[in-house]
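Down below is the structure, laid out as structure tokens.
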Amino acid sequence: MRRADLHLHTLHSDGTYTPGELVSEAVRHGLSMVALTDHDTVAGCAEVAAEAERAGIGFITGTEVTVEWGGRELHVLGYLVDAGHPGLARALESAQAIRQDRIREMVARLKERSVPIELENVFAVSQCRAPGRPHLARALVAAGVCGSLDEAFERYLKKDRPGWVPKAKMPAAEAIDLIHAAGGLAVLAHPGLNHDDGIVRQLAALGIDGVECFHPKHGPSASRRYQAMAGELGLLVTGGSDCHGRRGNRPTMGTVTIPVSLVEALVERCRQRGGRNAANHA
Ligand code: AMP
Ligand code: ZN
Ligand code: FE
Ligand code: FE
């Protein structure tokens with residue numbers, strides 16, 4: 001069966017692969033189709049699309065938008081969006097500025113605590129418009145402050161730790177409307193990480209189109225439960241590895257895949273909505 005991975009990151013956010021490396025890995029794992037879902041950006045989509053075309057595999061555009069719902073952070077995947085949509089570009093730029101300011105604030109807090117970390121070193125590690133805590137963690141490891149990324153999160157970067165700073169986020173309803181305005185479909189990412197299945201129903205009422213049933217953090221019973229909810233609510237089913245590239249022993253590409261038929265259903269739903277989609281079916 002032809003397989004797809006619809007949740008992948010590159011160094012345009014907090015992944016480590018270049019677009020070319022991402023596609024090479026996808027080919028190595030025998031994937032027929034990939035989506036790029038970098039956090040709060042579509043910057044890598046054109047490059048991954050070109051690499052995928054060269055490699056003879058399918059590609060759909062995507063982004064993983066950080067949103068707020070009921071006071072908590074959720075991730076909404078925007079698939080088949082027009083990467084050049086002006087409203088989407090403005091919203092993502094604003095989210096990126098928030099991420100950059102947050103890194104400045106986090107470094108300032110760490111320095112107040114005499115942690116030897118320099119902002120320029122963090123930005124030298126991130127080199128993208130959508131920096132995140134993993135970049136700060138890598139800089140802390142590179143500076144010898146922490147022995148591992150996990151230690152950096154545990155000691156400094158997790159919620160309520162000394163370096164932690166909350167992040168302003170787009171309301172969930174706004175993100176869903178924006179993804180629709182950009183011709184795409186909105187999918188609730190990794191609902192299992194939210195520890196509240198009621199959110200799936202609530203977001204369905206807000207107009208979400210799908211739910212990411214298959215994810216490394218979902219065991220078989222969680223995947224079945226979300227598939228059942230998707231069926232009941234008329235939502236599309238997606239999934240992917242959430243691969244961030246080389247990151248110690250964390251799950252990487254190939255660990256979670258879905259049949260290409262689910263991607264075809266996604267593209268078909270987008271067409272029915274009249275979305276201009278950027279799918280390429282190799
Ligand atoms: P941010 O978007 O800046 O809030 O950072 C969130 C990212 O940090 C997500 O992509 C997670 O995969 C990653 N992350 C969260 N906790 C950990 C951890 N303990 N170790 C490594 N990465 C983590
Ligand atoms: Zn990430
Ligand atoms: Fe996520
Ligand atoms: Fe992700």
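Worth a mention:
- Segment 210-246-segment 19-46 distance, computed between alpha-carbon centres (Å): 19
- Hypothetical label at residue 118: residues of segment 130-144 whose amide nitrogen lies under 18 Å (7 Å Cα-Cβ projection): 136-144
- The accessible surface of segment 1-71, taken with every protein chain in place and a 1.4 Å probe, is 52 percent carbon and sulfur.
- Three-way shape label, segment 1-42, alpha-carbon gyration tensor, a/c 1.5: oblate
- Segment 73-195: relative contact order as a whole-number percent, Cα under 8 Å and 6+ apart: 43
- Whole-angstrom gap from segment 135-193 to segment 50-66, using each part's C-alpha centre: 22
- The count of lysine pairs in the chain with alpha-carbon distances below 21 Å, taking only pairs 8 or more places apart or on different chains, stands at 9.
- Among the protein heavy atoms of segment 81-148, carbon and sulfur supply 46% of the accessible surface, probe 1.4 Å, non-protein parts ignored.
- Of all DSSP beta bridges confined to the chain, the antiparallel ones make up roughly 50%.
- Largest accessible area first, the listed residues 180, 218 line up as 180, 218 when surface is computed with a 1.4 Å probe on the assembled protein chains.
- Folded to 0 to 90 degrees: helix 260-272 orientation relative to the chain principal axis, Cα: 80
- Accessible surface, the chain, averaged per residue in Å² (probe 1.4 Å): 42
- Computed from Cα atoms, the angle from the helix 19-28 axis to the main principal axis of the chain rounds to 60 degrees.
- Using the rule -39500 (n - 2.57) for each DSSP H run of four or more residues, divided by the residues of the chain, the 222 nm mean residue ellipticity is -12500 deg cm²/dmol.
The values are calculated or read from the model by the stated rules, or taken from the named source; none is laboratory data. It should be emphasised that the depicted structure is a prediction, and the values quoted were computed from it without experimental measurement. Counting neighbours? That spans all protein chains shown, and the Cβs are built from the backbone with ideal geometry, glycine included. Remember, those area values only see protein heavy atoms, side chains included, never the ligands or the DNA or RNA. Shrake-Rupley method; radii C 1.70, N 1.55, O 1.52, S 1.80 Å.
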